[in-house]
Amino acid sequence: MIRVVINGKACTAEKGESLLSVARRKGIDIPAFCYEETLAPYGACRMCLVEVVKGAQEGITTACTLAAAEGLEVLTQTSEIVSLRRALIELYLAQAPRSEAIRALAQRYGIQKTRFARKVRPDDPLQNRCILCGLCVRICHDVMGAGAINYIGRGHFTEINTPFYEESAVCMGCGACARVCPTQAIAFEDIVQTRTMKSWSGTRVPLHACSKCGRHFAPAPFVNYARQKLAPDLQQTPLRLCPDCRSREIARKAVLLSTGAAVAD
Ligand code: SF4
Ligand code: FES
């Protein structure tokens, strides 16, 4: 373990751990949109700016890409940092005017409106909430290995969607993109046997049925993908039941075990 100092407060950290991760562990608030623990730091949104006052690279940098090192000292709330953050928030208010996460942050920083032209599209599949942080693209490609979505267009017209705005043949409907999106821009819905990724060109994915109650509960391509990742003897058991039936099954087995009875799958 090593020692870093944030806002004058000594904190322990693992060598190489990101400064943002250390700050979060210590309850020190640094706003951040494009940081996700399962992905390598990317430094795209610039919200996590901090000032290094003692360390190898003194000056303003992003906390998510700053590795903790012995003796590192940073400040997170200087007037310059706050002023830069306020400008960024205004930009994001223009880019994603319907995002509640951005509006909430703006409110915390006392920002009522943006000086920049608002980018509102009535038919935006990302509900005018996308800040182009890239987390959805990266989790889909780097973690899920699907690569169903990507950046499209340039400059002011950049957006995220499937290639040629066509239904994706490789999307598993796992929803990892929606889980990591910091602005809740990604929409999907489950109706009976089908999941529709509304934000991704209406890509449709069949839902897997529970082998006990028959309810469709999880995207079938994702269930198949997860099965392949499990050890052969586990490939059937955990994924065949919906969460409700699985809980009942676990409870049933627990009761049988407590009575000393034999338990069958
Ligand atoms: S949809 Fe969400 S996760 Fe994807 S780029 Fe936009 S803000 Fe980031
Ligand atoms: S969280 Fe650090 S740049 Fe986005």
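The values are calculated or read from the model by the stated rules, or taken from the named source; none is laboratory data. As the structure is a prediction and not an experimental result, all values here were calculated from the model. Cβ sites come from the backbone with ideal geometry, for glycine too, and all protein chains shown count toward neighbours. Areas reflect the complete protein model, heavy atoms only, side chains present, ligands, DNA and RNA absent. Shrake-Rupley method; radii C 1.70, N 1.55, O 1.52, S 1.80 Å.
Descriptive notes on the structure:
- Per residue, in Å², the accessible surface of the range 136-265 once ligands and nucleic acids are set aside, probe 1.4 Å: 58
- Whether the range 13-64 is rounded, prolate or oblate, judged on the alpha carbon gyration tensor where a/c under 1.5 counts as rounded: rounded
- Take every pair of alpha-carbon atoms less than 8 Å apart whose residues are at least six positions apart; their mean separation over the length of the chain yields a relative contact order of 11 percent.
- Per-residue Karplus couplings for the range 177-183, computed as 6.51 cos²θ - 1.76 cosθ + 1.60 with θ equal to phi - 60°, are listed in order as 4, 5, 5, 8, 4, x, 10 Hz, Gly and Pro entered as x.
- Of all lysines in the structure, the ones whose alpha carbon falls short of 18 Å from that of LYS253, not counting any fewer than 8 places away in one chain, are LYS212.
- Eligible lysines near LYS119 by straight Cα distance, threshold 22 Å, same-chain separation 8 or greater: LYS198
- Using θ = phi - 60° in the Karplus curve 6.51 cos²θ - 1.76 cosθ + 1.60, the 3J(HN,Hα) couplings for the range 197-211 round to 7, 4, 6, 9, 6, x, 3, 10, 9, x, 9, 7, 8, 5, 6 Hz; x is entered for Gly and Pro.
- At least 18 Å along the helix axis (C-alpha) and Kyte average at least 0.5, DSSP helices within the chain: 79-95
- Taking amide H positions as modeled 1.01 Å from N, with prolines and chain starts lacking one, the residues under 5 Å from LEU49 and 5 or more places away or on another chain are ALA63.
- Net charge contributed by nearby residues that have their C-beta within less than 14 Å of PRO122 (K/R +1, D/E -1): +3
- Carbon-plus-sulfur accessible fraction, the chain (probe radius 1.4 Å, protein heavy atoms only): 53%.
- Along the range 162-170 the Karplus relation, 6.51 cos²θ - 1.76 cosθ + 1.60 evaluated at θ = phi - 60°, assigns HN-Hα couplings of 7, x, 6, 6, 9, 3, 7, 8, 10 Hz to successive residues, with x for each Gly and Pro.
- Rolling a 1.4 angstrom probe over the protein heavy atoms with all chains in place gives the range 24-110 an accessible area of 49 Å² per residue.
- For the chain: rounded, prolate or oblate by the Cα gyration tensor [a/c cutoff 1.5]: oblate
- Each Lys or Arg adds one and each Asp or Glu subtracts one; over the other residues with Cβ under 13 Å from the Cβ of TYR109, this totals +3.
- Cross-link partners for LYS26 among the lysines, with Cα-Cα distance under 28 Å and sequence neighbours closer than 8 places in the same chain left out: LYS9, LYS15, LYS54.
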